[in-house]
Amino acid sequence: MELTYHQTLDVKGAKCPMPLVKSRKAITELPVGQVLRVIATDRGSVADFQGWVKAAKNIELIAQEVIHEGGQELYVHYLRRTA
Amino acid sequence: MTVTEIQTQTPVMTAATLYDALLHNTAPYILDVRNPDDFARWRIEGRAGLTVENIPYYNFIEDEDGAVARVPADREVLVVCAKEGSSQYVADLLRARGVNASYLAGGILSWGHLYDTRDIVVAPWGRIIQVARPARGDVSFIVISDGAAAVIDPLRHTAPYLEAIAAHGARLTHIFDTHVHADHISGGPALNRETGAPYYVHPYDAIHPIDMLPAVIPYTALDDGQVFQIGRVELRMIWYPGHTLGQVNILAVAPDGFRGLFTGDGIFLRSFGRPDLGGKGEAWTPLLYESMTRRLPPYLDDATLILPAHFSTLDEADEAGRVAAPWSVVRQTNTSLSHMESEREFRSFVLGNLPEFPPQYVEIKRVNIGLRTPSEAEAEELELGKNVCALAK
């Protein structure tokens with residue numbers, strides 16, 4: 001699956017709640033309609049991002065994927081700012 | 001001029017301190033900031049009256065004012081998350097808003113791993129120690145007398161048993177499981193490997209009831225009526241089929257006349273063990289009826305201390321954390337025992353009150369007889385949450 005994104009946020013190594021805190025900040029700085037790609041190593045971010053976008057008013061979770069890279073699992077989230 | 005910034009450290013509560021507060025019903029309001037799915041799967045439970053609420057941490061990020069407004073401003077608040085980070089984040093934020101907030105050290109994981117060790121009986125002949133895992137409602141025991149020690153229904157982590165036995169200068173000589181458990185991974189085989197003490201189970205439980213495959217762990221078969229001597233304490237095996245085919249109750253008799261009955265998943269303080277976890281509820285219900293009405297009663301007198309392997313709610317423990325009561329009390333307060341007039345009545349009560357069957361229980365039984373060896377992460381996942389071995393009431 002080839003996904004378009006406009007900016008990447010690397011939060012590898014960051015523990016909960018930092019992946020989400022930093023993503024919130026980054027998406028707020030993004031123009032409406034653009035997509036943020038977040039790369040995390042915190043497995044809990046998968047379920048938390050799903051819950052977060054339900055509570056958030058202007059974010060859409062387009063996709064999530066798990067990538068195996070260099071012996072570790074990366075959790076990649078694609079978020080669009082909708083308003 | 002130097003300005004010294006005064007950092008007010010957000011207080012931390014350990015799982016052991018929390019447990020003590022839960023027992024005494026003095027625990028703070030608990031604010032669980034995990035996502036709603038994780039909260040629904042399992043959470044901290046205490047006595048009736050404890051307030052536990054779920055406001056995910058991202059609500060505090062999205063709408064800080066709205067989320068803070070939902071937290072009581074006039075109460076002590078303990079914030080809990082999975083591992084610690086988010087709860088500290090939310091507790092800091094609440095404190096900045098004047099709320100008396102602290103957070104749970106190590107998150108709910110540390111609560112799940114808490115082992116609580118305390119004496120149940122201390123007598124000239126020795127002692128009975130209770131080792132519980134409060135988050136799971138799992139209870140196990142150590143009997144120590146004259147330097148010998150037996151463990152009954154040990155839980156997965158072996159250190160609490162080895163430490164308690166060493167602290168009393170005793171040596172582990174017998175490991176018993178009242179039955180092969182479905183809700184948690186037994187520490188029996190691991191204790192056997194670590195100490196060489198024999199691991200006893202009834203042979204009927206050494207066959208997986210659904211797979212019909214035999215155990216591949218080293219175990220020693222025990223028999224109905226068999227008696228073991230632990231120092232000056234006699235342990236008698238009483239076959240009690242129904243919850244499993246090979247469950248036993250273990251009657252401890254000491255020289256001063258003390259009698260204690262390790263009921264496993266037989267009779268609990270407020271319920272009794274369900275007959276369907278082997279997948280054969282209909283067929284095993286009459287066996288359970290026979291065990292409860294004929295096999296066990298000859299060994300019970302009013303003074304016999306009932307020592308079960310589980311509790312369903314913390315209200316079954318006294319303030320000192322003991323999950324034990326004499327039969328004179330249990331036979332009156334355990335209302336689930338009042339449906340035994342006929343097998344027909346019993347059957348309709350039992351089959352009408354079966355809680356959900358957690359799918360992982362089939363796999364846990366495989367692990368307990370060596371058919372599967374889970375990784376640590378898999379073991380954690382299998383044991384997540386509280387046991388549901390009792391009949392619902």
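The values are calculated or read from the model by the stated rules, or taken from the named source; none is laboratory data. Just so you know, these numbers come straight off a predicted model, no measurement behind them. Cβ atoms come from the backbone with ideal geometry, glycine included; neighbour counts cover every protein chain shown.
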message = Of the residues B:38, B:74, only one is without any contact (Cβ under 8 Å) to a residue 60 or more places away in the chain, charged (D, E, K, R) and surrounded by fewer than 15 Cβ atoms within 10 Å (Cβ to Cβ); which?
response = B:74
message = Please go through (1) within 9 Å of another protein chain (Cβ to nearest Cβ); (2) part of a helix (DSSP H, G or I); (3) closer than 27 Å to residue B:377 by Cβ for residue A:15 and return the number of the only condition it doesn't satisfy.
response = (2)
remark   = Taking segment A:1-12 and keeping residues more than 14 Å from every other protein chain (Cβ to nearest Cβ) and either crowded, with 17+ Cβ neighbours inside 10 Å or modelled with pLDDT of 95 or more (or both) leaves A:5, A:6, A:7, A:8, A:9, A:10, A:12
inquiry  = So residue A:50 ticks every box in (1) in contact with a strand residue (DSSP E or B) (Cβ under 9 Å, 6 or more places away or on another chain); (2) at the interface with chain B (Cβ under 9 Å from one of its Cβ atoms); (3) in contact (Cβ under 8 Å) with a residue 24 or more places away in the chain but one. Which box is left unticked?
reply    = (3)
message = Would you confirm, using the coordinates I've provided, whether residue B:67 is surrounded by fewer than 19 Cβ atoms within 10 Å (Cβ to Cβ) and either in contact (Cβ under 8 Å) with a residue 12 or more places away in the chain or more than 7 Å from chain A (Cβ to nearest Cβ) (or both)?
response = no
message = With the requirement that a residue be out of contact with any Asp or Glu (no Cβ under 7 Å at 6 or more places or on another chain) and in contact (Cβ under 8 Å) with a residue 12 or more places away in the chain, what does segment A:29-40 give you?
response = A:30, A:31, A:32, A:33, A:34, A:35, A:36, A:37, A:38, A:40
request  = Could you please find all residues in segment B:155-188 being within 27 Å of residue B:240 (Cα to Cα) and over 18 Å from the mean Cα position of the chain (by Cα)?
outcome  = B:172, B:173, B:174
remark   = Considering residues that are hydroxyl-bearing (Ser, Thr, Tyr), within 11 Å of another protein chain (Cβ to nearest Cβ) and not in a helix (DSSP H, G or I), the number found within segment A:34-47 is 0
ask   = Counting only residues that are within 19 Å of residue A:42 (Cβ to Cβ) and more than 9 Å from chain A (Cβ to nearest Cβ), which one in segment B:70-86 is nearest to the chain's Cα centre (by Cα)?
value = B:80
request  = Please tell me if residue B:126 is surrounded by 18 or more Cβ atoms within 10 Å (Cβ to Cβ) and not basic (Lys, Arg).
outcome  = yes
ask   = For the subset of segment A:18-33 comprising residues that are away from every other protein chain (no Cβ under 13 Å) and in contact with a strand residue (DSSP E or B) (Cβ under 6 Å, 6 or more places away or on another chain), which member is surrounded by the fewest Cβ atoms within 10 Å (Cβ to Cβ)?
value = A:32
task = Would you check if residue B:38 is within 14 Å of chain A (Cβ to nearest Cβ), closer than 30 Å to residue B:269 by Cα and modelled with pLDDT under 95?
result = yes
query = Any idea which of B:43, B:47 is more than 14 Å from chain A (Cβ to nearest Cβ), over 14 Å from residue B:32 (Cα atoms) and not aliphatic (A, V, I, L, M)?
reply = B:47
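Conditions (1) buried (at least 17 other Cβ atoms within 10 Å of the Cβ); (2) part of a loop (DSSP other than H, G, I, E, B); (3) basic (Lys, Arg), marked per residue:
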residue: B:306; (1), (2), (3): yes, no, no
residue: B:315; (1), (2), (3): no, no, no
residue: B:329; (1), (2), (3): no, no, no
residue: B:347; (1), (2), (3): yes, no, yes
residue: B:361; (1), (2), (3): yes, no, no
residue: B:377; (1), (2), (3): no, no, no
ask   = Among the residues of segment A:67-78, is there at least one that is over 10 Å from the mean Cα position of the chain (by Cα), in contact (Cβ under 8 Å) with a residue 40 or more places away in the chain and surrounded by 15 or more Cβ atoms within 10 Å (Cβ to Cβ)?
value = yes
message = I'm told residue A:58 meets every condition in (1) within 13 Å of chain B (Cβ to nearest Cβ); (2) within 30 Å of residue B:106 (Cα to Cα) except one. Can you identify the failing condition by its number?
response = (2)
Some residue of segment B:233-242 being without any contact (Cβ under 8 Å) to a residue 40 or more places away in the chain and under 21 Å from residue B:130 (Cβ atoms) = yes
request  = Output the residues belonging to segment B:231-286 that are under 17 Å from residue B:392 (Cβ atoms) and surrounded by fewer than 18 Cβ atoms within 10 Å (Cβ to Cβ).
outcome  = B:281
message = Take residue B:5 and tell me if it is crowded, with 19+ Cβ neighbours inside 10 Å, at pLDDT below 95 and of a type outside the set (Lys, Arg).
response = no
key: Cβ pairs under 9 Å, 6+ apart, first in segment B:249-269 and assigned by TED's automatic domain parsing to the domain that holds residue B:222, second polar (S, T, N, Q) and surrounded by fewer than 18 Cβ atoms within 10 Å (Cβ to Cβ)   = B:269/B:333
query = Which of the strands (runs of 3 or more DSSP E) contained wholly in segment B:137-249 include at least 2 residues that are basic (Lys, Arg) and within 28 Å of residue B:111 (Cβ to Cβ)?
reply = none
